[in-house]
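Okay, structure first, notes after.
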Amino acid sequence: MGARTSIRSRLLTVHRWLGLATGLFLLLAGLTGSVIAFRPGLDAWLNPGLLHASSSGRILPLSLLVENVQRSEPRVRVLSLGLPLEPHGVVIAKFAARTDPATGKPFQLDFNEIYLDPSHGKVLGVRDTNAVSVDREHLIPFIYKFHQTLALPGLLGRWVMGTVAILWVLNSCFGLYLTFPHQLRHWRKWGSAWLPKGGGGAYRRSLDIHRTAGLWLSCVLLTMAVSGVSLNLSREVFRPVVSLFGVLTPPPLSVVPKVKQTNPAPPMGWDEAAQRAEASLPAEARNWRVRFIAYLPERNAYRVRMVEPGFRSTPFHIREEQRYLDAHTGRVVAATGYIGGTAADRYIEWQYPLHSGQVLGLAGLIFISLVGLSVAALVITGGVMWWKKKGKPRR
């Protein structure tokens, strides 16, 4: 019993220090995550002129959309189109800057996305989603970026949040273990730990909230932590670990070679590439829609992403397929997706819908928003408990 008590005591110390090390990061992630659960709707509500199309359902041919963008903004060359799935959604075009004849260097642009009405191709506006600003136009993209990377430059933010997610996984396991009774005769009373006791001072109330919320949400929080590792350190940590337990399909770009002579303009039209990608789908996916299409000049290939009806808006509709096509011949040179993927591929496919709550549609968004607030509450109550336990620290 003494050895077991010693282990628990050490784990409790580790649990506290991990909580202190990650607390601020998780507090910020929880609060921002509760907002971005409704990111598309909030963004469209704040910027209706930019993100709300006048009509819904009809989408112009992709080549016309590309032409309209490049005619409206001749300094850019379109590289990708994000197509709407929701009513009155807009097309989001991303691009590369053309070369300025006067300087011989790419044009310097103050935006990174162009928005179009899909029904008639009119350009609705532009925006820099990387801007550090909290005005109406940039508030939601900034919160989203802050949630992902704390708005830190380069890969630093992704590495920081990925490390926090790994520590969160460990601390969640430690915290769950510490709630278990350390003696067999106490297991009958374990059920009382799932309900707050009430009464007492600030320490007691904080302990009640911290323990009760942690128990009820233990599986959810552990899932959030694991998916956080997947989203931030997929190539570096998550995929290698998953590959120990199952077979993963190699990333498509690892089998689509770069070309020596790049072609800025795609030899094959955008519409033909989309049609060929759709034709390559298995029979059960023939009613799926193109969600995203991109031209990769350095590989002379198209990337086409197709999703099932109700994708991430209807509960458990998360399936998608991607095809990479040679831009000269239209031949499929790489494929990945839910239907043709392995069990390990599908497990990875579930991570973002689980993390964002989209796996359960609107109910999932509401739930994950409340989970974000619960994470913040756990951090705050943990901090109160530490403060009361240690007393005010010396200067």
Once you charge only the Cβ atoms, +1 for Lys and Arg and -1 for Asp and Glu, what is the size of the charge dipole of the chain about its Cα centre, to the nearest 20 debye?
2260
Amide H contacts of A301 (H built 1.01 Å from N, under 5 Å, at least 5 apart or other chain):
L296, A327
For an R0 of 35 angstrom, estimate the FRET efficiency from the Cβ-Cβ distance between T13 and S243 and round to the nearest 0.05.
0.55
What are the ³J(HN,Hα) couplings of segment 104-109, residue after residue, when phi is run through the Karplus curve with 6.51, -1.76, 1.60 and θ = phi - 60°? Round to Hz, x for glycine and proline.
x, 10, x, 4, 8, 10
Residue by residue, what Karplus-based ³J(HN,Hα) values in Hz, rounded to whole numbers, does segment 290-302 have, using 6.51, -1.76 and 1.60 with θ = phi - 60° and x for Gly and Pro?
6, 9, 7, 9, 9, 9, 10, x, 5, 10, 6, 9, 9
Where the only charges are on Cβ atoms (+1 Lys, Arg; -1 Asp, Glu), what is the dipole of segment 17-100 about its Cα centre, to the nearest 20 debye?
180
Expressed in angstrom and rounded, the centroid-to-centroid distance over alpha carbons for segment 27-53 and segment 284-362 is 23
Is segment 198-334 best put as rounded, prolate or oblate by its Cα gyration tensor, with a ≥ b ≥ c the root eigenvalues, rounded for a/c under 1.5, and otherwise prolate when a/b is larger than b/c, oblate when not?
prolate
How long is the gain from Y352 to I366 if the chain were fully straight, where each residue apart is worth 0.36 nm and the alpha carbon distance is subtracted?
3.5 nm
Which of these, A97, A53, A327, has the largest mean-square fluctuation under a Gaussian network model of the chain (Cα springs below 10 Å)?
A97
Given pairs K145/K258; K105/K260; K94/K122; K122/K258 and cut-off 25 Å on Cα-Cα distance, the over-length ones are K145/K258; K122/K258
Among V169, V123, V255, residue whose mean-square fluctuation peaks in a GNM of the chain (springs only between Cα atoms under 10 Å):
V255
What is the calculated FRET efficiency for Y177 to R58, with r their C-beta to C-beta distance and R₀ = 56 Å, to the nearest 0.05?
0.50
Apply the Karplus curve 6.51 cos²θ - 1.76 cosθ + 1.60, θ = phi - 60°, to the phi angles in segment 318-323 and return the couplings in whole Hz, x for Gly and Pro.
10, 6, 8, 9, 10, 10
Quick shape summary for segment 283-354, equivalent ellipsoid via Cα gyration tensor, semi-axes whole Å in descending order, reads 23, 13, 11
In terms of modelled amide H atoms, which long-range or inter-chain residues lie less than 5 Å from the amide H of L79?
K94, F95, A96
Name the most mobile residue of A273, A335, A363, meaning the one with the largest mean-square fluctuation, in a Gaussian network model of the chain with Cα contacts below 10 Å.
A363
Say the dipole of the chain comes from +1 at the beta carbon of Lys and Arg and -1 at that of Asp and Glu; which of V226, N112, G246 then lies farthest toward its positive end?
V226
Regarding segment 270-322, what whole-number volume in Å³ per residue does the convex hull of its Cα atoms give?
78
Here D for segment 312-395, in µm²/s, from Stokes-Einstein with a Kirkwood Rh over Cα pairs at 4 °C and 1.567 mPa s, works out to 78
Scaled to the compact-protein estimate 2.2 N^0.38 Å, what is the alpha-carbon radius of gyration of the chain, rounded to two decimal places?
1.15
Kindly report, to the nearest 10 Å², the accessible surface of S234 as traced by a 1.4 Å probe over protein heavy atoms only.
40
Could you pull out every whole DSSP H run in the chain that spans at least 27 Å of Cα extent along its own axis and averages 1.0 or higher on the Kyte-Doolittle scale?
156-179, 361-390
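The values are calculated or read from the model by the stated rules, or taken from the named source; none is laboratory data. These numbers were taken from a predicted model, which means no experiment stands behind them. Using ideal geometry, Cβ is built from the backbone for each residue, glycine included, and neighbour counts are taken over all protein chains shown. Areas reflect the complete protein model, heavy atoms only, side chains present, ligands, DNA and RNA absent. Shrake-Rupley method; radii C 1.70, N 1.55, O 1.52, S 1.80 Å.
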